[in-house]
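J.: Pasting in a structure now, in structure tokens, and then I'll have a few things to ask.
Bear in mind that the values in this text are calculations on the coordinates, not laboratory data. Keep in mind that what you see is a predicted model, and the values were worked out from it rather than measured. Glycine gets a Cβ as well: all are built from the backbone with ideal geometry, and neighbour counts include every protein chain shown.
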Amino acid sequence: MACAWLALSAHAAGAQNFAPIAKITAPDQAYVGDPVSFSSADSIDPDSAPQAMTFAWELGDGTTSTAAAPMRVYASAKAYAVKLTVNDGADTGIDVKIVHVIARPLQARARQTSPMAIAPGGDRLYLANPDSNTVSILSITAGELALIEERPVCRRPRTVALDDAATTLFVACQGQRAIAAIDLASGDIEMIAAGAGPYGVVSLASGALLVSNQDDGTLTWIAPDRATREAWATGADARAIAVTADGTRAYVTSYVTRGSTGRLTVHDLATRTTIGAIELANDPGPDTASSGQGIPNLLSVAAIDPAGQKLWIGALKSNTTVGKYRTGGMVAPHNWLRGLAAPVDLGTNAEVMQRRIDSNDADSVSAIAFSPDGRYAYLAHQGAGTVSIYDLSKATLFTPGAGTSVPFEARLDTGDAPQAIAVSPDGGTIYVATYLGREVLAIDVRTPATARITSRVVASAEPLSAELANGKRLFYRSREPVHSEANYVACASCHADGGGNDGQVWDFTQDGEGVRNTTDLRGRAGMAQGHVHWSGNFDEIQDFENPIVKLFGGTGLANDGAPPNPPLGAPNAGRSQDLDDLAAYVTSLAYTSSSPVRDVDGNLGEAAVRGKVLFDDPALRCVECHAPPQFTTSRLDAPMLVDVGTLGPASGMRLGGALGGIDVPTLIGLWNGAPYYHDGSALKLRDVFIGRSGTLEAQLTATLDDAQLSDLIAYISSIDAPEPDLDPDPSPDTMSPAGCGCNTSKPLPGSAAPLLALFFALRRRRRSTGGLSCSRL
């Protein structure tokens with residue numbers, strides 16, 4: 001007793017005190033609703049004085065405790081910063097630990113569209129190859145990938161899905177209005193009719209199929225008997241599908257945003273009806289080096305997390321609300337475009353905007369997958385050629401915007417245009433398919449921060465010539481330093497899906513132009529229809545070296561140490577193979593999708609036939625500017641710049657000089673070209689004729705009644721330039737893999753190379769001879 005009294009007296013007299021050391025012991029991760037136990041047992045006080053330690057806990061959700069070992073049940077999924085303060089009566093010690101509380105995964109899993117599917121046992125991968133018209137089958141053995149076969153299947157296969165028994169592979173054939181059903185045991189293929197331009201296919205638990213038809217904006221439900229079909233409208237550019245784990249609802253993205261908000265629709269699968277829509281709002285910014293403004297666009301992927309609580313949309317942000325004319329501000333190279341992953345709360349069917357992930361130093365999000373417990377998200381970036389791993393729990397500690405961005409755990413270089421991710425059953429490996437790298441990679445993600453590529457294999461023979469293959473890869477790339485600053489901008493960022501349009505109107509006033517609607521490059525064959533752009537300011541495709549360097553911050557493709565030659569000035573052609581290959585690819589875009597306004601057999605409908613008579617009538621003067629076969633009279637040697645009454649203050653200039661008119665655009669593929677006019681002021685094709693008074697189009701059609709105008713629009717909407725099929729008159733219900741009625745659908749013995757070589761040779765021959773019939777096969 002005397003010794004204790006002497007010790008206290010010594011402290012009271014000012015002897016040195018050793019501060020306590022706080023130490024939290026707790027699990028790193030827990031599920032919502034489970035008790036989380038905390039302990040201070042590893043905390044120490046070196047001199048156990050001047051009094052016993054006391055404990056003060058802040059448990060991260062607003063609750064506190066003074067117990068030595070408190071317990072807490074968390075109600076929400078997020079990362080909680082737990083703080084322990086220990087006090088010995090004179091000094092304190094503090095420790096902080098992050099506890100990741102995640103929502104418990106459902107036993108059943110949601111379904112989504114993807115170019116790649118993994119077998120339930122994790123031993124097979126199935127991949128669609130759109131450029132090759134094939135499907136690849138790969139084996140997975142002890143983590144190693146190997147190509148089993150690549151087989152012809154249909155025209156432009158885009159996504160694949162396995163039935164629950166893993167006996168049938170379904171393939172969405174975007175170029176054939178069909179779904180190919182491949183019997184994996186026999187190799188036989190059944191072609192099932194779908195809508196126009198089928199992009200996504202999902203196999204439902206019931207055995208039915210759900211198909212998104214991008215060209216006609218519909219969903220098709222196909223019964224298990226494959227004979228019963230229902231179709232209903234979902235909205236323009238229907239693309240990615242995600243179906244809830246219970247199979248009751250489907251969410252479908254509109255790929256292209258033709259306005260100021262991204263859009264997806266909600267569907268009741270029991271009644272096969274559209275029951276709502278969800279909008280993804282414009283990000284107000286601010287524009288900083290690591291965050292930025294932008295309209296959600298190119299909604300490529302929809303994926304529901306394992307807990308079934310959040311639907312994540314992979315997209316791109318298009319910064320079209322800012323510019324020298326619109327806001328007086330100059331857009332920095334790193335603020336034109338940014339990758340975006342946007343979460344939608346499935347309880348409220350509303351986006352949780354404050355939890356968006358702005359992909360810093362990366363472009364569009366082209367694929368999304370999750371770890372089995374849902375804590376980690378795997379995001380592919382198409383132009384950057386990378387995959388990022390994000391800790392979704394850790395992301396809740398960061399507030400996007402205001403110069404901050406959610407950090408990733410790891411980012412790996414995958415190669416050109418990754419568009420699909422599949423996760424192994426045990427969650428330890430992800431498989432990434434690179435569309436233009438023609439490869440599949442295996443990545444070990446057991447420790448996300450140190451993820452590494454363990455295997456890669458060529459999954460598809462290169463179907464394009466060397467110059468076109470290189471040019472297409474360059475078109476899709478956003479990689480720094482050549483293509484853009486910090487990996488943000490690729491040609492495909494605005495000319496979507498390899499050459500289309502992004503539905504947006506950009507402010508290029510700072511570049512000496514004006515407000516400009518993105519041009520669809522498909523069906524134009526490069527310079528075949530005259531100068532490029534609304535003002536006709538490029539006389540060669542190689543002039544795109546200018547925006548790459550001057551607007552997007554890249555060093556450029558010329559790679560000769562000199563700046564770009566000005567448009568309409570000395571040629572940029574011939575300065576590098578890469579620049580010329582890019583031009584060769586753009587020149588190859590001579591085809592469009594078949595217009596959904598046409599009949600299924602490709603012929604004009606009755607209204608379009610009547611409309612063609614009006615179009616050809618000299619009194620309406622349509623053919624004076626839009627003469628077949630190019631449907632424009634503008635030529636490379638004689639640009640036709642006309643003011644049809646649409647020029648205004650926003651129209652700006654032509655290369656910094658006077659803008660005398662707008663180059664007459666082609667009508668090919670106009671059905672998919674909204675909005676219209678150089679300034680995007682006509683939201684629908686009908687608005688070109690009645691939406692803006694005083695224009696030449698409005699004047700020339702003023703004598704037409706509403707029925708006649710509808711007929712004229714039906715014909716104009718039917719003008720397309722589809723690439724001819726191998727079979728001149730394919731039937732969606734009888735087509736074989738090569739697009740013919742003959743049976744070539746048996747399994748390929750051994751290597752598929754000989755048959756593939758024949759197939760590609762026939763494709764090349766068809767292009768030169770005008771077609772191949774089955775008898776000639």
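J.: Under the Karplus relation 6.51 cos²θ - 1.76 cosθ + 1.60, θ = phi - 60°, what is the ordered set of whole-Hz ³J(HN,Hα) values for region 85-92, x standing for Gly and Pro?
T.: 10, 10, 9, 9, x, 10, 9, 10
J.: Please list the equivalent ellipsoid semi-axes of region 36-85, computed as the square roots of five times the alpha-carbon gyration tensor eigenvalues, in descending order and whole angstrom. Before the final figure, lay out each step's value.
T.: Working: eigenvalues 124, 17, 16 Å².
So the three semi-axes of region 36-85 are 25, 9, 9 Å.
J.: What translational D, rounded to a whole number of µm²/s, comes out for region 379-436 from Stokes-Einstein when the hydrodynamic radius is the Kirkwood one over Cα pairs, at 37 °C and 0.692 mPa s? Mind dumping the intermediate values first?
T.: On the way: Rh = 12.6 Å.
Calculated translational D: 260 µm²/s.
J.: Given contacts defined as C-alpha pairs under 8 Å and at least six residues apart, what's the relative contact order of region 557-626, whole-number percent? Kindly include the intermediate steps, with their values, before the conclusion.
T.: Details: 31 pairs, mean separation 11.1, N = 70.
Contact order relative to length: 16 percent.
J.: Provide the per-residue ³J(HN,Hα) series for region 27-44, in order, calculated from phi with Karplus coefficients 6.51, -1.76, 1.60 and θ = phi - 60°, each as a whole number of Hz, with x at glycine and proline positions.
T.: x, 6, 9, 8, 8, 4, x, 8, x, 10, 9, 10, 9, 9, 4, 8, 6, 9
J.: Going toward the positive end of the dipole of the chain, with +1 on Lys and Arg Cβ and -1 on Asp and Glu Cβ, which of 195, 253, 35 do you reach last?
T.: 195
J.: Between residue 146 and residue 206, how high is the FRET efficiency from 1/(1 + (r/R0)^6) when r is the Cβ-Cβ distance and R₀ = 41 Å? Nearest 0.05.
T.: On the way: r = 34 Å, r/R0 = 0.82.
After rounding, the FRET efficiency stands at 0.75.
J.: Can you tell which of 434, 638, 133 lies farthest toward the positive end of the dipole of the chain, using +1 and -1 charges on the Cβ of basic and acidic side chains (Lys, Arg; Asp, Glu)?
T.: The residue sitting farthest along the positive end of the dipole is 133.
J.: With a sphere of radius 15 Å drawn around the Cβ of residue 263, what net charge do the other residues whose Cβ falls strictly inside it have (Lys, Arg +1; Asp, Glu -1)?
T.: On the way: positive: 239, 258, 317; negative: 237, 279, 351, 502.
Computed value for this residue: -1.
J.: A further question follows. Note down the magnitude of the dipole of the chain about its Cα centre, charges +1 on Lys and Arg C-beta and -1 on Asp and Glu C-beta and zero elsewhere, to the nearest 20 debye. Don't skip to the end; give the middle numbers.
T.: Values: 60 positive and 83 negative charges, 77 e Å.
Here the chain has a charge dipole of around 380 debye.
J.: Next question. Compute the relative contact order of the chain as a whole-number percentage, counting only Cα pairs closer than 8 Å that sit 6 or more residues apart in sequence. If you can, show how the numbers build up before the last one.
T.: Numbers: 2078 pairs, mean separation 69.3, N = 777.
Over the chain, the number comes to 9 percent.
J.: Ok, one more. Residues of region 698-725 with the amide nitrogen closer than 13 Å to a label point 7 Å from the Cα of residue 624, along Cα-to-Cβ, please.
T.: 698-701
J.: Which one of 277, 210, 289 has its Cα pushed farthest toward the positive end of the charge dipole of region 208-311, where Lys and Arg give +1 and Asp and Glu give -1 at the Cβ?
T.: 210
J.: Full extension from residue 633 to residue 165: what is 0.36 nm times the residue separation minus their Cα-Cα distance, to one decimal in nm? List each step's numbers first, then the result.
T.: Working: separation 468, 0.36 × 468 = 168.48 nm, distance 5.62 nm.
Working it through step by step, the gained length comes to 162.9 nm.
J.: Let me ask another. With labels modelled as points extended 7 Å from the Cα through the Cβ direction, what inter-label distance (nm, one decimal) is found for residue 330 paired with residue 450?
T.: Label at residue 330, label at residue 450, 4.6 nm between them.
J.: Whole-Å semi-axes of region 336-453's equivalent ellipsoid, largest first, each the root of 5 times a Cα gyration tensor eigenvalue?
T.: On the way: eigenvalues 101, 56, 35 Å².
Over the Cα atoms of region 336-453, the semi-axes work out to 22, 17, 13 Å.
J.: Average projected area of the Cα convex hull of region 391-541, in nm²?
T.: Details: hull surface 50.1 nm².
Mean shadow area of the hull around the Cα atoms is 12.5 nm².
J.: Report, as a whole number in µm² per second, the diffusion coefficient that Stokes-Einstein gives for region 33-156 at 20 °C and 1.002 mPa s using the Kirkwood radius over alpha carbon pairs.
T.: Calculated translational D: 109 µm²/s.
J.: Follow-up. For every other residue with a beta carbon closer than 12 angstrom to the beta carbon of residue 17, add +1 if it is Lys or Arg and -1 if Asp or Glu, then tell me the sum. Let's see the in-between values first.
T.: Details: positive: none; negative: 45, 47, 88, 91.
With Lys, Arg at +1 and Asp, Glu at -1, the neighbours total -4.
J.: Separate question: So for the pair residue 559, residue 29, with labels modelled 7 Å out along Cα→Cβ, what separation do we get in nm?
T.: 4.2
J.: Could I ask something else about it? Please compute P(r) over all alpha-carbon pairs of region 238-286, binned at 10 Å starting from zero, and give each bin as a whole-number percent.
T.: Percent of Cα pairs in each bin: 25, 47, 21, 6, 0.
J.: Sticking with this one: In angstroms, what radius of gyration and Dmax does region 61-106 have, counting Cα atoms only?
T.: In order Rg, Dmax, the Cα atoms of region 61-106 give 13.5, 50 Å.
J.: Here is a further query. Measuring from the lowest to the highest alpha carbon on each principal axis, how far does region 240-339 reach, largest first, in angstroms?
T.: 51, 25, 16
J.: Report Rg/Rh for region 124-205, rounded to two decimals, where Rg is the Cα radius of gyration and Rh the Kirkwood radius. It would help to have the intermediate numbers written out before the result.
T.: On the way: Rg = 12.4 Å, Rh = 12.8 Å.
Radius of gyration relative to Kirkwood radius: 0.97.
J.: Ok, one more. Tell me the volume per residue, in Å³, of the convex hull enclosing the alpha carbons of region 398-467. Walk me through the intermediate numbers first.
T.: Working: hull volume 9.3 nm³, N = 70.
Expressed per residue, the convex hull around the Cα atoms of region 398-467 is 133 Å³.
J.: Starting from the Cα-Cα distance between residue 345 and residue 684, subtract it from 0.36 nm times their residue separation and give me the gain in nm to one decimal.
T.: Numbers: separation 339, 0.36 × 339 = 122.04 nm, distance 3.16 nm.
Between residue 345 and residue 684, full extension yields an extra 118.9 nm.
J.: Now a separate question. Two decimals is fine: what's Rg over Rh for region 528-674, C-alpha atoms, Kirkwood radius as Rh? List each step's numbers first, then the result.
T.: Values: Rg = 18.4 Å, Rh = 17.7 Å.
So for region 528-674, dividing Rg by the Kirkwood Rh gives 1.04.
J.: Using a cut-off of 13 Å between beta-carbons, work out the net charge of the residues near residue 690 (Lys and Arg +1, Asp and Glu -1, residue 690 not included).
T.: Numbers: positive: 684, 686, 692; negative: 687, 697, 705, 706.
Net local charge, residue 690 excluded: -1.
J.: May I pose another question? For region 11-104, how big is Rg over Rh, using alpha carbon atoms and the Kirkwood form of Rh? Intermediate results must be reported in sequence, preceding the final value.
T.: Numbers: Rg = 15.0 Å, Rh = 13.9 Å.
Ratio of gyration radius to Kirkwood radius: 1.08.
J.: With just the Cα atoms defining each centre, how far is region 344-383 from region 284-332? Give it in Å.
T.: 12
J.: To two decimal places, what compactness ratio does region 337-387 give when its Cα radius of gyration is scaled by 2.2 N^0.38 Å?
T.: On the way: Rg = 11.8 Å, N = 51, 2.2 N^0.38 = 9.8 Å.
Region 337-387 yields a ratio of 1.20.
J.: Follow-up question, since we're still on this one. Output needed for the chain: three equivalent-ellipsoid semi-axes, defined as square roots of 5 times the C-alpha gyration tensor eigenvalues, in descending order, whole Å. Intermediate results must be reported in sequence, preceding the final value.
T.: Working: eigenvalues 551, 210, 119 Å².
Values for the chain, descending: 52, 32, 24 Å.
J.: Can you give the translational diffusion coefficient of region 86-158 in µm²/s, computed by Stokes-Einstein from the Kirkwood radius over Cα pairs at 20 °C and 1.002 mPa s?
T.: Roughly 128 µm²/s, to the nearest whole number.
J.: Another question, if that's okay. Please list, in order, the residues from region 698-725 whose amide nitrogen is less than 16 Å from a point placed 7 Å along the Cα→Cβ vector of residue 617.
T.: 698-716
J.: If each DSSP helix of 4+ residues adds -39,500 (n - 2.57) and the sum is divided by the residues in the chain, what number results at 222 nm, nearest 500 deg cm²/dmol?
T.: Numbers: 12 runs with 101 residues, N = 777.
Roughly -3500 deg cm²/dmol at 222 nm, from the helical runs in the chain.
J.: Near the amide H of residue 367, under 5 Å away, which other amide H atoms are found, from residues 5 or more places off or on another chain, if H is placed in the peptide plane?
T.: 380
J.: Sticking with this structure for a sec: If each residue of separation counts as 0.36 nm, what is the full-extension length gain between residue 230 and residue 15 once their alpha-carbon separation is subtracted? Don't skip to the answer; put the middle values down first.
T.: Values: separation 215, 0.36 × 215 = 77.40 nm, distance 8.58 nm.
Working it through step by step, the gained length comes to 68.8 nm.
J.: Given +1 on the Cβ of Lys and Arg, -1 on the Cβ of Asp and Glu, and no further charges, what dipole in debye does region 594-688 carry about its Cα centre, rounded to the nearest 20? Display every interim value, and only then the final one.
T.: Working: 8 positive and 11 negative charges, 22 e Å.
Here the size comes out at about 100 debye.
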